[in-house]
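*Asks:* Mind having a look at this structure? Questions to follow.
The values are calculated or read from the model by the stated rules, or taken from the named source; none is laboratory data. All of these numbers come straight from a predicted model, not from anything done at the bench. Cβ coordinates were reconstructed from backbone atoms using ideal geometry, including for glycine residues, and neighbour counts include every protein chain displayed.
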Amino acid sequence: MSAVAMLAACTSSGNVKQGNGPELVDKEEALVMPPPGGPAIVGVIGRTRGNGVEQTISLATSSTVQGQNYFKIAFYGSSGSQDGPAMTYRGLNEGDLRREIARAAPGVPLVRSTAFLQNAYGPFGYASGRSSSGEACLYGWQQIRSRSTGSGMGRDFGMIQIRVRICDNQATERQLLTVMYGYTVTGGFQGEIWNPYGRPGGVDSRIGQTGQPIYPAAETVSQNISFGYSPPVATARQAKPVRAEVVRETSPSVPVERSNGPRVPLPEIEAAPAAPVQSSSAVAVPGKASGGETVNVPSPDCIGATVMMAACSTKGN
C-alpha cells in the first residue's frame, strides 16, 4: 500500500490548484451594465457554479445608508463548473423577496410598489423609501425567463435573476427607477432551448408593401442621470445699490433743423386771471373799475350765505 501511495504521489503534477470560490473579474466582463450616466462600476466578483454563473457588480455609492450599491445577477443553465456546488434553482418567491427587501437597506423602511412595470426584458418589481436624513433608496428585482412552448427536456429552463440595490443622497426615487429601465444584460446561454429571452419578434408586415408608408420614429428626450453629484450652484452676488440720477432738462446745444414747409403763426395766449385771495372778510383792491369805484372782493365765507349776507355787505362797506 505504501508503495502504491508513493507511486501516485510521484505521478502527480504538483501544480497549485485554486479553489472554485468567488474571484475578481474585470469590469469589461460584467454580465450586466448600468445605464449610461448611471452609477459607475467599482468592481466585479464572480463565481462559477455547477449549474450556472453568478456575479455581484459593486457600484459607486454616495450615501450615508449602510451598505453598498450593487447589481446581482445569476444565470441558471445546464453548464457550469463540475467542482463547485450548484445554485438553488428557484423562481421568485414572496417570502424570499420580503427578506431581501428587509436586508437591502438597513434602517430604511422600503415600501413595495403595487404598480405593474415593464422594461425591455419584461415585468419587474421594486420597493423604495427614504432614510431619516432624506436619502432615497431602491431595491428592484426581475426574473428573465422564456415563455417558449417548444418541446424538449430543457425547455424554459434557462433563467436569469437580477437584483438591484441603490441608495443616493442626490437622486430622487424617479431617477433611481430609471436604472431598472436602462440596464443591459450582456450575457446569454448557448443552445436554443436555454434561451431565456424568448423568440425574437416577427418582421413588420408593412416592410416592402405598397401603400404602407413608414415614418421616422418620434424623437425621444434623453435624460441624463448623475448619481451622487450635484453641479456647483452659482452664489448670487450682492447687488450694489444703484443711485438714482436726476436728469435735468437743458437747452440743446445742437441747432434744430427746421423744415422748409409753410409757417403757421402761433395763436395768441391770454394771461390767466389771478386767483382770488382768501380772507375772513372782503378785501379792498385798489384800482379803478369801469365806474371809477373801488372793487370790493367778498370773503369766501360770505359766498353762498343767506343769513349773513347783510352782515357781510355791511362789513364790506
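*Asks:* Let me spell it out: the conditions are (1) over 30 Å from residue 201 (Cβ atoms); (2) over 22 Å from the mean Cα position of the chain (by Cα); (3) at pLDDT 95 or above, and residue 70 meets all of them except one. Which number is the exception?
*Replies:* Every listed condition holds for residue 70 apart from (2).
*Asks:* Of the residues 14, 52, only one is modelled with pLDDT under 65, on the phi > 0 side of the Ramachandran plot and not basic (Lys, Arg); which?
*Replies:* Result of the check over 14, 52: 14.
*Asks:* May I pose another question? Tell me, yes or no, whether the range 173-181 has at least one residue that is outside any helix (DSSP H, G or I) and either surrounded by fewer than 13 Cβ atoms within 10 Å (Cβ to Cβ) or of a type in the set (Asp, Glu) (or both).
*Replies:* no
*Asks:* A further question on this structure: Tell me the strands (runs of 3 or more DSSP E) entirely within the range 21-111 that contain at least 3 residues that are surrounded by 19 or more Cβ atoms within 10 Å (Cβ to Cβ) and touching a residue at least 60 places away in the same chain (Cβ under 8 Å).
*Replies:* Output list reads 70-76.
*Asks:* Restricted to the range 140-172, and to residues that are buried (at least 17 other Cβ atoms within 10 Å of the Cβ), part of a loop (DSSP other than H, G, I, E, B) and not aromatic (Phe, Trp, Tyr), which residue is modelled with the lowest pLDDT?
*Replies:* 148
*Asks:* Also, I was wondering about something else. Which of the numbered conditions does residue 131 fail, given that it passes all the others? Conditions: (1) surrounded by fewer than 18 Cβ atoms within 10 Å (Cβ to Cβ); (2) over 14 Å from residue 180 (Cβ atoms).
*Replies:* Just one mismatch for residue 131, condition (1).
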